[in-house]
Amino acid sequence: VRVDAFPISVDFAEFDQLARDPRVQDRAKEIRAELGDPEHVLLGVDRLDYTKGIGQRLKAFGELLDECVITPDEAVFVQVATPTREGVPAYARLRNEIELRVGRINGEHGSLGQPPICYLHQSYSQEELAALYLAADVMVVTPLRDGMNLVAKEYVASQVGGDGVLLLSRFAGAAEELDGCIEVNPYDPEAVAER
């Protein structure tokens, strides 16, 4: 019998190859254009789950807008919330809470054709995810508790230009492996907003 640690990971070569594909790079440029060519694109990609801290991260982004630290023409937050456990009442309530928060922030800070948050409740292909990762200047991975969080690793693997920033919860297992990320406490939205 042999016992050892085998940390889970992603297919680095696949995401690296996708990020180098001219079609994916063109799609990343299209995504930025569709968002109005903001100075900064922040991205969150998660299952719609209470452990992922989506509400807390949106609260932190809303505080940045409330305090005029950023404006919707400077930064857009894209939140992909992949559907999960749709028939479970607690998850339906979570979806409603998230969508209400997005609506409130967009209603208070958005303008016609320029919402500060682009909320997407759907699944995406690996190619589209790679394009989203390339389009994002900042990847926001702030789960309240997570075993590893492979999305953080996918983002890093897709950064062929090396200029993306990963904002990562200290409560994600990936935080122990990804040196150079900006570690945050997702239970403190004010501190997340400051970073």
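Readers should treat all values here as calculations from the given coordinates under stated rules, not as data from a laboratory. These numbers come from a predicted model, not from an experiment. Because the Cβ atoms are built from the backbone with ideal geometry, glycine has one as well, and the counts that use them run over all protein chains shown.
The alpha-carbon positions of region 116-162 define a convex hull whose volume is 109 Å³ per residue. Counting only aspartates and glutamates at least 8 places from residue 29 when in the same chain, those with an alpha carbon closer than 16 Å to its own are 21, 37, 39, 127, 128, 137, 163. Positive end of the dipole of region 88-188 (Cβ unit charges, origin at the Cα centre): among 160, 122, 90, the Cα lying farthest that way belongs to 90.
What's the Kirkwood radius of region 62-126 in Å, using all Cα pairs?
Taking every pair of different Cα atoms in region 62-126, averaging 1/r and inverting gives 13.0 Å.
Just want to confirm a number: the relative contact order over the chain, from Cα pairs under 8 angstrom separated by 6+ residues, in percent.
Relative contact order comes out at 28 percent.
A helix-only calculation puts the chain at -13000 deg cm²/dmol for mean residue ellipticity at 222 nm, using -39500 (n - 2.57) for each DSSP H run of at least four residues, averaged over all residues.
Within a straight-line Cα-Cα reach of under 21 Å, residue 153 can be paired with the following lysines, leaving aside sequence neighbours fewer than 8 residues apart in one chain: 52. Note on residue 59: aspartates and glutamates with a C-alpha under 14 Å away, same-chain residues under 8 apart excluded, are 67, 97, 99, 108, 188, 190, 194. What is the list of residues in region 43-75 whose amide nitrogen lies under 20 Å from a point 7 angstrom out from the Cα of residue 187, following Cα to Cβ? Correct set: 49-61. Label zone (residue 85, point 7 Å along Cα-to-C-beta; backbone nitrogen cut-off 13 Å) within region 155-177: none. The charge dipole of the chain, taken about its Cα centre with unit charges on the Cβ of Lys, Arg, Asp and Glu (plus for the first two, minus for the last two), comes to roughly 660 debye.
For residue 23 and residue 137, a Förster radius of 22 Å and the Cβ-Cβ distance give a FRET efficiency of 0.55, rounded to the nearest 0.05.
For the peptides 128-135, 59-66, 185-192, residues were scored by their other Cβ atoms within 10 Å and the scores averaged per peptide; the highest-first order is 128-135, 59-66, 185-192.
Taking every DSSP beta bridge that has both ends in the chain, the antiparallel portion is near 5%.
Computed from backbone phi with θ = phi - 60° and the Karplus coefficients 6.51, -1.76 and 1.60, the 3J(HN,Hα) list for region 102-112 is 4, x, 5, 5, 5, x, 7, 10, x, 9, 4 Hz; x is used for glycine and proline.
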